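All remarks here apply to the structure that follows.
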Amino acid sequence: MIKLKNFYITEEDGKSRLIQPVEVDGNNFDVYVEVESQHQKYFVTDRADAILIGIVHMAMRQNHDIYSELPITGELLYNLNNILIPMLTKYDPTLTKIKINASPINEPVQNFGGVGTGLSLGVDGLTTISQYHNHPIENMRLTHFLTFNDGVFGGYFQESGWDLQARLIYQKQLQLIQDIGLPLIMINTNLHNLVRLKGDLWVNYCSAYNFFCLGKLFQKYYFSSTGWDYSQFTLYPTGNNFDSDQYNLLFNATVNTKNNLTVLSGGGELNRFEKMEIISKNPLAHKYLHSCLTQAFNCGVCIKCRRNLLALDALNCLDKFTTTYDIQQYRQNREEYLYTLIANYIDKTLSYEHYYQEVYQILQAREPELFEKIEKQLTTGKVLELKKANKNLQTRLNTVTAAAKSPLFIEHIKHFFATNNYKSVILYGNNELAALLITHQKQLQIKISHIVENTKIKKHAIPRLPIRTVDYPPTDAVIICAINDVQVIVKKLQQRINCPIHLATEIFAHTSPYAKFSDEQAKIAELSTVLQKRDSRIEQLKTTVDGKNSRIEQLKTTVDGKNSRIENLKTTVDNKNIRIEQLKSTIDSNNAQSTAQIQNLNTTISQKDEEIEHLKTRISALETSTSWQITQPLRTFKQKIVPSPA
């Protein structure tokens with residue numbers, strides 16, 4: 001059982017909190033939203049609509065009925081109990097049909113007529129801005145932006161430091177509102193600490209909780225839809241990536257009531273590529289687009305960055321987005337990006353395959369020969385060839401590493417550190433390059449104070465820093481020993497530390513007689529990335545092939561069954577044809593016999609007709625003779641008894 005208790009408000013350091021005590025099976029939680037105190041006047045405190053919307057999905061997932069001490073808008077209470085909950089639990093076996101008990105309230109919430117949306121800087125949010133910032137209908141035009149520090153997407157930034165990323169993104173949001181001229185309200189909440197669900201499953205519920213708490217501000221609120229348009233509406237769970245936005249029509253209809261604010265879909269009629277097409281024409285997007293899953297800048301490596309870059313390529317507008325993306329890096333590695341596109345498009349089992357459809361079709365029509373070449377490289381044989389090449393390069397790397405242990409090589413590296421006056425350094429990454437520096441740090445006259453890597457081992461001779469570290473200890477320099485995505489690592493470190501940053505590969509190449517080391521290392525890095533993707537692709541293909549083989553066997557069985565059925569039908573048809581011929585022969589014979597019988601009957605009838613005519617003649621003659629014989633005696637008798645008159 002979940003109990004929703006009465007609100008209370010606190011104020012501290014210019015911030016106001018609307019606190020909702022929630023009891024879950026006897027355990028108490030204080031759920032809050034926090035805004036600057038000037039926005040406290042927008043809090044809705046006469047009903048518990050907001051917190052109810054925020055926790056109802058958790059309650060269904062954990063099988064908790066809900067009781068509220070505060071009233072709930074009557075129409076919302078009805079919609080939840082009789083529409084949303086029954087519909088979701090009908091099609092999702094992981095959810096339980098629960099009951100909400102509360103008193104209804106029917107008085108409308110008086111609001112200031114605001115029209116708001118969330119400011120995410122992503123494709124969906126910028127599409128909503130493009131559509132409604134200067135909308136011709138005044139009461140549809142945006143007046144306010146909200147930004148949520150709600151932890152829904154915090155998991156994506158765990159490896160890069162959530163707090164730092166949130167601060168950096170917020171700075172970009174502040175710059176955008178200065179350009180656009182509308183106010184931005186930051187909402188902090190701890191609801192995610194109670195709910196603890198994957199963001200996609202309840203993102204709509206959490207966002208609705210935030211802006212329903214400010215219900216006195218808004219007349220309308222635009223929910224920026226995700227990558228699906230209305231045609232993708234479904235109540236059936238679609239795997240690990242099931243998004244509550246896939247049933248946004250039902251959700252919006254549930255929370256919309258005549259006594260509260262109106263929730264509308266921003267961009268729900270558009271798919272992802274159509275949204276990219278719209279924002280590609282908006283200067284705000286050219287300057288502020290940010291969809292990266294891992295960094296406060298667009299890393300160009302994560303799946304969202306790759307999708308956006310490929311879509312911008314298809315739209316021929318890459319050069320408009322040089323402020324937000326490293327377009328040069330994309331063009332230098334374009335074939336690798338196209339590999340991602342083709343692999344995702346071909347594998348129809350991926351949850352986000354529909355994001356790639358238009359992009360694939362446009363680019364494939366534009367460059368068919370290149371696509372054919374890349375598709376051929378997706379074969380197993382090519383992967384095995386690359387594995388063999390990588391093994392050879394790894395052997396050569398080991399040889400170079402062994403040679404690098406020579407006193408001459410060490411002197412060259414020592415000279416690099418001495419020239420730059422580096423006494424203490426931090427190593428980012430732990431591999432052969434790091435091992436070389438660790439082994440010879442005394443000869444190099446440096447101290448390696450820390451190594452940046454994620455590890456479960458607690459004690460090390462050299463202390464470890466997790467990859468998500470934001471506040472680095474003082475050091476003379478950071479040496480990046482990692483060989484993958486080094487440009488992203490450099491950008492990330494530049495946000496966190498104010499000291500020189502060097503690549504170990506460059507140090508070795510510039511300071512040693514083994515100048516080809518860097519090239520070899522680069523090839524290894526490139527092939528390592530390719531092979532990882534190939535391995536993943538092979539596994540996907542194996543699964544697909546196994547599935548298709550199973551399907552082929554099923555089809556073979558079905559075809560064999562149908563062939564057997566066809567043979568049976570052919571035999572049946574042949575037997576029926578023989579029977580038809582027999583029946584035709586019988587009918588012909590019967591027709592001949594019937595004709596002869598009819599002729600005989602006609603002859604007999606003619607004879608009978610002649611006999612009848614003969615009898616008629618005899619009867620007529622007999623009647624004449626008999627009449628005379630009877631009439632004559634009567635006359636004689638009459639004359640005898642009746643005398644003639646005198």
Query raised in the report: In the calculated pair distance distribution of the range 3-63, what percentage of Cα-Cα distances lie above 14 Å?
Result: 58
Query raised in the report: So if we plug the beta-carbon distance of residue 459 and residue 408 into 1/(1 + (r/R0)^6) with R0 = 30 Å, what FRET efficiency do we get, rounded to 0.05?
Result: 0.25
Query raised in the report: Given H placed on each backbone N at 1.01 Å, which residues far from residue 261 in sequence or on other chains put an amide H within less than 5 Å of it?
Result: none
Query raised in the report: Is there a pair in 172/320; 3/97; 15/41; 275/376 whose C-alpha atoms are over 21 Å apart, and which pairs would that be?
Result: 275/376
Query raised in the report: So which aspartates and glutamates can residue 548 reach, going by Cα to Cα under 16 Å and dropping same-chain residues fewer than 8 places off?
Result: 347, 539
Query raised in the report: Given charges of +1 on the Cβ of Lys and Arg and -1 on the Cβ of Asp and Glu, with all other atoms neutral, how large is the dipole of the range 50-129 about its Cα centre, in debye to the nearest 20?
Result: 260
Requested in this report: Please work out how much length the chain gains when fully extended from residue 484 to residue 423, using 0.36 nm per residue of separation minus the C-alpha to C-alpha distance, in nm with one decimal.
Outcome: 19.3 nm
**Report entry** residue 236 accessible area, 1.4 Å probe, all protein chains in place, Å² to nearest 10
**Finding:** 130
Requested in this report: Evaluate the range 11-124: find the radius of gyration of its Cα atoms, find its Kirkwood radius, and give the ratio Rg to Rh.
Outcome: 1.00
Report task. May I ask you to compute the full-extension gain from residue 438 to residue 110, defined as 0.36 nm times their residue separation minus their alpha-carbon distance, rounded to one decimal in nm? Result -> 111.4 nm
Report summary line: Of 56, 573, 486, ordered by accessible area with the largest first and a 1.4 Å probe, the sequence is 573, 486, 56
Report summary line: Sparse-neighbourhood loop hits (trypsin sites (Lys or Arg not before Pro), the range 172-219; DSSP loop; Cβ within 10 Å at most 14 others) -> 196, 198
**Report entry** the range 454-470 - phi-based ³J(HN,Hα) in whole Hz, Karplus 6.51/-1.76/1.60, Gly and Pro as x
**Finding:** 8, 8, 8, 6, 7, 10, 9, 4, 10, x, 9, 10, x, 4, 7, 3, 9
**Report entry** Whole-number percent relative contact order across the range 70-119, with pairs defined as alpha carbons under 8 Å at least 6 apart
**Finding:** 50
Report task. State the extension gain, in nm to one decimal, for the chain segment bounded by residue 447 and residue 569, taking 0.36 nm per residue of separation less the distance between their alpha-carbons. Result -> 35.2 nm
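The values are calculated or read from the model by the stated rules, or taken from the named source; none is laboratory data. Here the structure is a predicted model, which means the values were calculated and not measured. Cβ sites come from the backbone with ideal geometry, for glycine too, and all protein chains shown count toward neighbours. When the accessible area is computed, the model is the full protein with side chains, heavy atoms only, and any ligands, DNA or RNA have been set aside. Shrake-Rupley method; radii C 1.70, N 1.55, O 1.52, S 1.80 Å.
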